[in-house]
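What follows is a set of notes on a single structure, which appears directly below.
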Amino acid sequence: MSKNVGKESEGGITSSYKVDDDVVLKVPYSFFGSIYDEEEEKAVLAAMKQDSLTMGPNVQEFQAKFAEYVGTKYAFAVSNCTTAMHVCSQVIGLRPGDEVIVTPNTFIATSLVILKEGARPVYADIDPRTFNIDPKEIEKKITNRTKAIYVVHYGGQMCDMDPIMEIARKYHLVVLEDCAHAPGAEYKGRKAGSIGDFGCFSFHSLKNMTTLGEGGMITCNNDRYAEGIEKLRCMNLENWKDQTDYWIPSHFDVVDFDGKWGNNYRMNEAQAAVGIAQLKKLDMLNAKRIEFGRYITEGLQGIKGITPVYEDPNCKHVYHLYTICVEEEELGASRDDFLRVLYREEGIQGILHYQPTYHFTGLKRLGYGQNLCPIAEKFFYKRELNTPHHPRLTKDDLDAIIEGVKNAARKVRK
């Protein structure tokens, strides 16, 4: 007998996971990844008293401060990361017949925005230590139809960006960074969202910073791309040229961008006000995640069959996820058996990220087969699980996670 946590929500797995009635959880998986206090409360109330409640002064301030933080010329606030990536896919002119190389180890949104434009995702396998797209696998997938590379900084650790950018220059490809897991993460001193042609961020409630449950940002340095983003996130609106009075010939013009038509992907003022407050806290929030992640890693050393998180020395890992890998051959039991004991007997709720995208029914109907990316498939089905990880965890929570993993490993090994 199971029940849904938060039945009032229709968000499905974007807002909760079901929990068995008879399981007592010591550390549940939280769908709120940040910390709110009086600053966010005051910001929302102040925004509610404004005359403009969408795309006003808070949005402008949030954009300016985010661009400064990331180190890009432009930042554009949008409704979420999916719409951010969709706008960018339109800006680069994705069309039917185009191909985009992408990781299978990501939420469906990264592929969905490619499919929406009629283009085809082409999946490249992952690095078994970082779980990010492997640059060597990218180059194998390039054809004369390849238009772009969409990388995802899985779990808060950035991809190996130098060889990826070298490949992009060699083949004249656009690079989009899906930074949903990685605000504040760094690669060789450069922040996520500042290296590729676009950076797309998520402020969903799970993320390292959040704007009232949803929200997103696009970063870029290219003036032409910025023009397209501005139009396509807000229904192709622009001011009339040489307008004398504000009402002549009318209040606004509508102009396509290279034949592309936009949508309403705007951010409201309350979200942006919270975003400003959250951005101030981001380094502190990330520091807590890093501290907690490294504490867990230290505690999991020496457990046969359990591999803790690997930190690439070139990267600042901001620990959006804490991913444990179960090595079935060493442990003497399957990942699923381990996860059942961890959950049902130890009270630690682990979850899985991400099923290879091409295994979903809709992608299978498009002709995608099995065994396209064997490392990613083994990672999801045999190795990985994510333990609870957010900046509100206590030392007792962290110790319970460590002890739970140790106990579950011992029990399944017997």
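Of C220, C315, C88, which is the most mobile in a GNM of the chain whose springs link Cα atoms less than 10 angstrom apart?
Looking only at C220, C315, C88, the largest GNM fluctuation is found for C315.
Please find, in a Gaussian network model of the chain (springs between Cα atoms separated by less than 10 Å), the residue of L366, L385, L206 whose mean-square fluctuation is greatest.
It is L366.
Under 5 Å between amide H atoms, partner at least 5 residues away or on a different chain: which partners does R120 have, H built in plane at 1.01 Å?
Amide H neighbours of R120, under 5 Å, 5+ apart: G97, D98, E99, V100.
Y187's amide H: which non-local residues (gap 5+, or another chain) put their own amide H closer than 5 Å, with H modeled 1.01 Å from N in plane and none for Pro or chain starts?
It is A192, K316, by chain and number.
Using just the Cα positions, wrap region 38-278 in a convex hull and report its mean projected area in square nanometres, one decimal place. Each step should come with its number before you reach the end.
Values: hull surface 55.2 nm².
In nm², the orientation-averaged hull projection of region 38-278 is 13.8.
With springs only between Cα atoms under 10 Å apart, run a GNM on the chain and tell me which of M165, M209, M48 wobbles the most.
Highest fluctuation of the listed residues: M48.
Restricting to DSSP H runs of at least four residues, report the calculated mean residue ellipticity at 222 nm for the chain, -39500 (n - 2.57) per run over all residues, nearest 500 deg cm²/dmol. Let's see the in-between values first.
Values: 13 runs with 144 residues, N = 414.
About -10500 deg cm²/dmol.
K304 versus K378, label points 7 Å from Cα toward the beta carbon: distance in nm?
Result: 2.1 nm between the two label points.
Taking a label point 7 Å from the Cα of N221 along the Cα→Cβ vector, which residues of region 72-99 have an amide N closer than 12 Å to it?
Those under the cut-off are 72-74.
Which of the lysines could a cross-linker bridge to K395, judged by Cα under 17 Å and excluding same-chain residues fewer than eight apart?
Candidates past the 8-residue exclusion: K26, K288, K406.
Taking a threshold of 31 Å on the Cα-Cα distance, which of the pairs K116/K280; K73/K170; K260/K378; K18/K231; K116/K378; K170/K382 fall above it?
Details: K116/K280 35 Å; K73/K170 24 Å; K260/K378 39 Å; K18/K231 40 Å; K116/K378 28 Å; K170/K382 36 Å.
Correct reply: K116/K280; K260/K378; K18/K231; K170/K382.
Averaging sequence separations of C-alpha pairs under 8 Å and six or more residues apart, then dividing by the length of the chain, give the relative contact order as a whole percent. Walk me through the numbers on the way to the answer.
On the way: 873 pairs, mean separation 89.5, N = 414.
Relative contact order of the chain: 22 percent.
Can you tell me, using C-alpha contacts under 8 Å and at least 6 residues apart, the relative contact order of region 38-278 as a whole percent? Can you show the working numbers first?
Working: 513 pairs, mean separation 63.7, N = 241.
Once divided by the residue count of region 38-278, the mean separation gives 26 percent.
If I fit a long axis through the Cα atoms of helix 223-232 and take the longest principal axis of the Cα atoms of the chain, what angle between them do I get, 0 to 90°, rounded to 10?
Value to nearest ten degrees: 90.
Please return the longest stretch of the chain lacking exposed loop sites, where GluC sites (Glu not before Pro) count only if DSSP places them in a loop and at most 10 other Cβ atoms lie within 10 Å. Spell out each step's value before the answer.
Details: sites that count: E8, E10.
With GluC sites (Glu not before Pro) excluded where exposed in loops, the chain gives 11-414 as its longest stretch.
For region 123-131, in order, what is each residue's ³J(HN,Hα) by Karplus, 6.51 cos²θ - 1.76 cosθ + 1.60 with θ = phi - 60°, in whole Hz (x at glycine and Pro)?
Rounded to whole hertz, the list is 8, 10, 6, 10, 6, x, 9, 9, 6.
Using the Karplus equation 6.51 cos²θ - 1.76 cosθ + 1.60 (θ = phi - 60°), what ³J(HN,Hα) coupling, rounded to whole Hz, does each residue of region 332-348 give in order, writing x for Gly and Pro?
x, 7, 7, 4, 5, 4, 4, 5, 4, 5, 4, 7, 7, 9, 9, x, 10
What is the helix-to-structure angle for 269-299, meaning the angle in degrees between its Cα long axis and the longest Cα principal axis of the chain, kept from 0 to 90 and rounded to the nearest 10?
The angle comes out at about 20 degrees.
Take the Cα atoms of the chain, build their convex hull, and give its volume per residue in Å³. Please list the in-between numbers first.
Working: hull volume 63.9 nm³, N = 414.
For the chain, the hull spanned by Cα atoms encloses 154 Å³ per residue.
Could you tell me the extents of region 11-110's C-alpha atoms along the three principal axes, largest first, rounded to whole Å?
If we take the Cα atoms of region 11-110, the spans are 51, 47, 26 Å.
Given 0.36 nm per residue, what is the gain on full extension from W261 to K364 after removing their alpha carbon distance, in nm? Present the calculation step by step, with values, prior to reporting the outcome.
Numbers: separation 103, 0.36 × 103 = 37.08 nm, distance 2.89 nm.
Contour length minus Cα-Cα distance gives 34.2 nm.
Work out, step by step, the length gained on full extension between T394 and E291: first 0.36 nm times the residue separation, then minus their alpha carbon distance; give nm to one decimal. Please list the in-between numbers first.
Numbers: separation 103, 0.36 × 103 = 37.08 nm, distance 1.16 nm.
Value of the extension gain: 35.9 nm.
Since every read-out is calculated from the coordinates, none of them should be taken as a lab result. Computed from a prediction, not measured in an experiment: that's the story for all the values here. So basically every Cβ, Gly included, is an ideal-geometry build from the backbone, and we count neighbours across all protein chains shown.
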